[in-house]
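Structure provided below as structure tokens; questions to follow.
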Amino acid sequence: MPKSAYIFILILLVLAVGLFYNPPQRETDGKVILHYWTGWTGEELETQKRIVERFNRTHPNIEVKILSIAGSYQKVRIAFAGGSTPDVCSAIWADEYAGYAIRGVLTPLDDFMKETGYDPDNIVPGVRRMLTFRGKMYGLVATTNAHFIAYNKKIFRECGLDPDDPPDTIPELDLAAEKTTLYDEKGNFTRYGLRPTGLIWWAYVFGGQWYDEKTGRITANHPKNVEALRWMMSYAEKYDITKMETFEQTFGNRSTVSGPFFVGKMSMWPAGEWARTHIRRYAPDLEWGWFPAPAPPGGRKNACTVGGSVFVIPAACKHKREAWEFLQYICGHDAVKEFCLDISNMPPLKSVAAEPEFADDPLYSFAMTLAGGENAFGPPPIPIWPRYQAEIHRAEDYALHGHRDPKVLLDDVTVRMQKELDKTLKEFDD
């Protein structure tokens, strides 16, 4: 490489460090300054700011400066790659968590937990598994979600279905989808019952898995994964996925008054507890209910996926003890309760879930059964999950749109992602 090229690259690196570097700061009175990056905006950000301000008032030795980097997540990746990170960051997606952990750029929290009496068993099982990588925890969370199916009770009643007895099996779900689907005189949709998407979730429902921690093997072609994709494919064929997608072009934004579930263009909506906020805002008179994804024989009842933003202390942080003091505060009981109630999310802490505001609320109580259960699954603890996830989505698309054999597609994903995983682990473990 020409000398001029090396000089150019050096200049770029210097500029990058200057752009993203947050030098450790300590005021003359001894107060430690912590830089905190978050990915939240809007009402969520305002709640975060309120919690940060309260922390600053009650911790005179520390001042936290919060910065929203929503829409600039590449900045996080560049900062971690260069070692010029904030002191605390909640803009790490659960999908990328293992990738950061294996690179050694996150601070293990286990020793801090022991020293301060933080009880990791208070974290609901699915979330705790998500946060554990190679036996250590590198992050905490302040919220979680539960996936389930919302349904329009009025439509169920009009179609001869019991609005108080939603589907409990796959055949019952298929029948409800068929009965609540409507066409116009030209055979085009005016309403469909259900369009199952998201193979990752449905594979867990059917009893499958994506990675075997005991063997370290990719399991994309698990028989139950294949079964789930074949079932999803049956909907694409029966209802003609091209017509379904043409109909979806008439949908309004799901977060507006014209959202398809709010105006009756779909009778069943794969959603989460957050759906209630939108329904109260945009369709307050809607008569609706909810039920877990029905499992086939050999499947899992109450299966759902969990994920979201993970709070971490970067390894490059110069004030780790102060950062931990803030981290356990913002992911602690009081802050989690306030944040989850404000944004209508599920708490990841058992102690908060037991509070009357959650335990006595029918929807929260139901959602907590899912998110807090043994059949709640976070992203597999492998550093290639973002790439692997994209390949799963690609296989789903080829099956639904290209009529490709699900077994062949998932066999191919298994082989390629195992090679990718082996290569990646070798790079970091050698």
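The values are calculated or read from the model by the stated rules, or taken from the named source; none is laboratory data. Since we're looking at a predicted model, the values are computed, not measured. Virtual Cβ from ideal backbone geometry, glycine too; neighbours counted across all protein chains shown. For accessibility, only protein heavy atoms count, side chains too; no ligands or nucleic acids. Shrake-Rupley method; radii C 1.70, N 1.55, O 1.52, S 1.80 Å.
Do you know which of the residues in segment 382-395 that are open to solvent by 30 Å² or more (accessible area, probe 1.4 Å) and in contact (Cβ under 8 Å) with a residue 40 or more places away in the chain is farthest from LEU229 (Cα to Cα)? Explain how you work it out, then say what you get.
If we filter segment 382-395 for residues that are open to solvent by 30 Å² or more (accessible area, probe 1.4 Å), which is where we start, we get 386-387, 389-390, 393-394.
Then keep just the ones that are in contact (Cβ under 8 Å) with a residue 40 or more places away in the chain; that gives 386, 389, 393.
Values: PRO386: 20, GLN389: 15, HIS393: 11 Å.
If we take residues in segment 382-395 being open to solvent by 30 Å² or more (accessible area, probe 1.4 Å) and in contact (Cβ under 8 Å) with a residue 40 or more places away in the chain, then PRO386 is farthest from LEU229 (Cα to Cα).
Also, I was wondering about something else. When only residues in segment 28-77 that are acidic (Asp, Glu) and over 18 Å from ALA142 (Cα atoms) count, which is most open to solvent (accessible area, probe 1.4 Å)?
Here is the first cut: in segment 28-77, the residues acidic (Asp, Glu) are 29, 43-44, 46, 53, 63.
Now restrict to residues that are over 18 Å from ALA142 (Cα atoms): 29, 63.
On the way: ASP29: 107, GLU63: 48 Å².
Ranking the qualifying residues of segment 28-77, first place goes to ASP29.
Which numbered condition trips up GLY139, out of (1) open to solvent by less than 50 Å² (accessible area, probe 1.4 Å); (2) within 19 Å of PRO379 (Cα to Cα); (3) modelled with pLDDT under 95?
Exception for GLY139: condition (3).
Within segment 254-283, take every residue that is of a type in the set (A, V, I, L, M) and assigned to a helix (DSSP H, G or I) and give me the one that is surrounded by the fewest Cβ atoms within 10 Å (Cβ to Cβ).
Taking segment 254-283 and keeping what is of a type in the set (A, V, I, L, M), we get 257, 263, 266, 268, 271, 275, 279, 283.
Going one step further and asking which of them are assigned to a helix (DSSP H, G or I), we end up with 275, 279.
Values: ALA275: 20, ILE279: 18.
Only one residue tops the list, namely ILE279.
Let me ask another. Quick check on my filter: what residues within segment 367-391 are over 16 Å from VAL205 (Cα atoms) and either in contact with a His (Cβ under 6 Å, 6 or more places away or on another chain) or not in a loop (DSSP other than H, G, I, E, B) (or both)?
MET368, TRP385, PRO386, ARG387, TYR388, GLN389, ALA390, GLU391
Select from segment 292-305 the residues that are open to solvent by 10 Å² or more (accessible area, probe 1.4 Å) and in contact with a strand residue (DSSP E or B) (Cβ under 7 Å, 6 or more places away or on another chain) and write down the one among them that is farthest from MET113 (Cα to Cα).
First, pick out the residues of segment 292-305 that are open to solvent by 10 Å² or more (accessible area, probe 1.4 Å): 292, 295-302, 305.
So of that shortlist, the ones also in contact with a strand residue (DSSP E or B) (Cβ under 7 Å, 6 or more places away or on another chain) come out as 292, 305.
On the way: PRO292: 34, THR305: 26 Å.
Per the stated criteria, the residue is PRO292.
Follow-up. From the set of residues in segment 224-252 that are on the phi < 0 side of the Ramachandran plot and outside any helix (DSSP H, G or I), which is surrounded by the most Cβ atoms within 10 Å (Cβ to Cβ)?
Taking segment 224-252 and keeping what is on the phi < 0 side of the Ramachandran plot, we get 224-239, 241-252.
With outside any helix (DSSP H, G or I) added as a condition, the list becomes 239, 249-252.
On the way: TYR239: 20, GLN249: 6, THR250: 12, PHE251: 14, GLY252: 14.
Restricting to residues being on the phi < 0 side of the Ramachandran plot and outside any helix (DSSP H, G or I), the top hit is TYR239.
One line per residue, one yes/no per condition, for (1) free of Cβ contacts under 8 Å to residues at least 12 places away in the same chain; (2) closer than 30 Å to TRP324 by Cβ; (3) not small (Gly, Ala, Ser):
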residue	(1), (2), (3)
GLY139	no, yes, no
THR143	no, yes, yes
ASP164	no, no, yes
LEU199	no, no, yes
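Restricting the search to segment 188-223, which residues are open to solvent by 10 Å² or more (accessible area, probe 1.4 Å), in a loop (DSSP other than H, G, I, E, B) and of a type outside the set (D, E, K, R)?
ASN188, THR197, GLY198, GLY207, GLN209, THR215, GLY216, THR219, ASN221, HIS222
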